[in-house]
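> Can you keep this structure in mind? I'll have questions shortly.
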Amino acid sequence: MEHITNTITLRGTLQNLPQFSHENHGKRFYRFCLEVPRLSGAVDTLPVIVEEQLLFQLDPTAGEMLTVSGQVRSHNQRSDGVRHLMIFVFATSLTAEDGEPVNDVILEGPLCREPTYRLTPLGREICDAMLAVPRAFHRADYLPCILWGRIAQEVSQCHTRDVICIHGRLQSRIYTKLTEDGPQERTAYEISALTAEIVEEDMY
């Protein structure tokens, strides 16, 4: 049996009503965005994919916020001949309820490229890492992670295939990309690590 560590729990408010996304193996899936505030006051707007049956089971009178549990997934999508890595939450449960915002992610997997260490303009240490998080049927989700301070230093010393366990949050970040048609505003999604641990590779 494959060793899989990929869990996410979100609690926030709907930005938009669910809209039909696609059909796969006879099942219909819908997409919506969930707004989850941070302690800083910033808001992460996160895409969620959910099976139609889970939406039908949802009791919307149970609260104004929505709790989503599932996994962080990636999907390669081609647009104009260019491949884009799409990041989203695949929901396995939905509950309408009230409470404090939640954004909690635990991932474990090997690095699929060398980590990149740098300093921000204000001198803060930062490390970019890409994990290949195992999924069922020998597949994997390729998930960008960002680490800060001491854990940025530690992970920057790792190499491809080293296994990292990360606990953090899924965040959205708006950036401007220069294209042939001029600057375009886009959104990137990444896991911001609160803690990180280098683990044994016995399971992989």
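The values are calculated or read from the model by the stated rules, or taken from the named source; none is laboratory data. The model shown is predicted, which means the values in this text are computed figures rather than measured ones. Every residue, glycine as well, gets a Cβ built from its backbone with ideal geometry; the counts of neighbours run over all protein chains shown. Heavy atoms of the whole protein, side chains included, go into the accessibility calculation; ligands, DNA and RNA do not. Shrake-Rupley method; radii C 1.70, N 1.55, O 1.52, S 1.80 Å.
Conditions (1) at pLDDT 95 or above; (2) under 22 Å from PRO47 (Cβ atoms); (3) hydrophobic (A, V, I, L, M, F, W, C), marked per residue:
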site: VAL102; (1), (2), (3): yes, yes, yes
site: PRO110; (1), (2), (3): yes, no, no
site: LEU143; (1), (2), (3): yes, yes, yes
site: VAL199; (1), (2), (3): no, no, yes
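> Any idea which of SER74, SER79 is modelled with pLDDT under 95 and within 26 Å of SER21 (Cα to Cα)?
Details: SER74 fails: modelled with pLDDT under 95.
SER79 is the lone residue from the list that is modelled with pLDDT under 95 and within 26 Å of SER21 (Cα to Cα).
> Which one is farthest from GLN71 (Cα to Cα), of the residues in region 110-138 that are among the acidic types (Asp, Glu) and assigned to a strand (DSSP E or B)?
Start the filter on region 110-138 by keeping residues that are among the acidic types (Asp, Glu), which leaves 114, 125, 128.
If we keep only those that are assigned to a strand (DSSP E or B) too, we end up with 125, 128.
Numbers: GLU125: 28, ASP128: 21 Å.
If we take residues in region 110-138 being among the acidic types (Asp, Glu) and assigned to a strand (DSSP E or B), then GLU125 is farthest from GLN71 (Cα to Cα).
> Between a residue in region 55-76 that is closer than 18 Å to ILE4 by Cα and any residue that is open to solvent by less than 60 Å² (accessible area, probe 1.4 Å) and of a type in the set (Phe, Trp, Tyr), which pairs come within a Cβ distance under 7 Å, given they are 6 or more apart or on different chains?
Close Cβ pairs satisfying both conditions: GLY70/PHE90; GLN71/PHE90; ARG73/PHE88; ARG73/PHE90.
> Additional query: Applying the selection to region 28-41, what residues are more than 17 Å from the chain's Cα centre (by Cα) and at pLDDT 95 or above? Before you say what the answer is, go through the steps one by one.
Here is the first cut: in region 28-41, the residues more than 17 Å from the chain's Cα centre (by Cα) are 28-30, 39-41.
If the condition is that a residue be more than 17 Å from the chain's Cα centre (by Cα) and at pLDDT 95 or above, then ARG28, PHE29, TYR30 are the ones that fit.
> Something else: Going by what's in this entry, would PHE90 be described as of a type outside the set (Val, Ile, Thr), part of a strand (DSSP E or B) and out of contact with any Pro (no Cβ under 7 Å at 6 or more places or on another chain)? Before the answer, list the steps.
Working: of a type outside the set (Val, Ile, Thr): yes; part of a strand (DSSP E or B): yes; out of contact with any Pro (no Cβ under 7 Å at 6 or more places or on another chain): yes.
Criteria met by PHE90.
> Something else: Among the residues that make up region 159-178, is at least one of them surrounded by fewer than 10 Cβ atoms within 10 Å (Cβ to Cβ) and either under 16 Å from the mean Cα position of the chain (by Cα) or of a type in the set (Asp, Glu) (or both)?
Yes, some residue in region 159-178 is surrounded by fewer than 10 Cβ atoms within 10 Å (Cβ to Cβ) and either under 16 Å from the mean Cα position of the chain (by Cα) or of a type in the set (Asp, Glu) (or both).
> Looking at (1) modelled with pLDDT of 95 or more; (2) of a type in the set (A, V, I, L, M, F, W, C); (3) under 22 Å from TYR30 (Cα atoms), which is the one condition that is false for VAL133?
Of (1) modelled with pLDDT of 95 or more; (2) of a type in the set (A, V, I, L, M, F, W, C); (3) under 22 Å from TYR30 (Cα atoms), only one is false for VAL133: (3).
The rows are residues; the columns are (1) in contact with a Ser or Thr (Cβ under 6 Å, 6 or more places away or on another chain); (2) under 16 Å from THR195 (Cβ atoms); (3) among the β-branched types (Val, Ile, Thr).
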residue: ILE106; (1), (2), (3): yes, yes, yes
residue: GLU125; (1), (2), (3): no, yes, no
residue: ALA129; (1), (2), (3): no, yes, no
residue: ARG135; (1), (2), (3): no, no, no
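> Name the residue, out of SER192, SER172, that is closer than 20 Å to LEU119 by Cα and not in a loop (DSSP other than H, G, I, E, B).
On the way: SER172 fails: closer than 20 Å to LEU119 by Cα.
It is SER192.
> Can you say whether ARG124 is open to solvent by 40 Å² or more (accessible area, probe 1.4 Å), without any contact (Cβ under 8 Å) to a residue 40 or more places away in the chain and among the basic types (Lys, Arg), as far as the supplied structure shows? Spell out the reasoning first.
Working: open to solvent by 40 Å² or more (accessible area, probe 1.4 Å): yes; without any contact (Cβ under 8 Å) to a residue 40 or more places away in the chain: yes; among the basic types (Lys, Arg): yes.
In short, yes.
> While we're looking at this one, here's another question. For residues that are open to solvent by less than 40 Å² (accessible area, probe 1.4 Å) and among the small types (Gly, Ala, Ser), scanning just region 45-98, find the one that is nearest to LEU10 (Cα to Cα).
Among those that are open to solvent by less than 40 Å² (accessible area, probe 1.4 Å) and among the small types (Gly, Ala, Ser), it is SER69.
> For ARG139, only one of the following conditions fails: (1) without any contact (Cβ under 8 Å) to a residue 12 or more places away in the chain; (2) over 20 Å from the mean Cα position of the chain (by Cα). What is its number?
So ARG139 meets the others, but not (2).
> Kindly indicate the residue of region 1-29 that is open to solvent by 40 Å² or more (accessible area, probe 1.4 Å) and in contact with a His (Cβ under 9 Å, 6 or more places away or on another chain) and also farthest from SER93 (Cα to Cα) among those meeting that condition. Show your work before the answer.
To start, the set of residues in region 1-29 that are open to solvent by 40 Å² or more (accessible area, probe 1.4 Å) comprises 1-4, 7, 9, 11, 13-28.
Filter again for in contact with a His (Cβ under 9 Å, 6 or more places away or on another chain), leaving 2, 28.
Numbers: GLU2: 22, ARG28: 15 Å.
Ranking the candidates gives GLU2 first.
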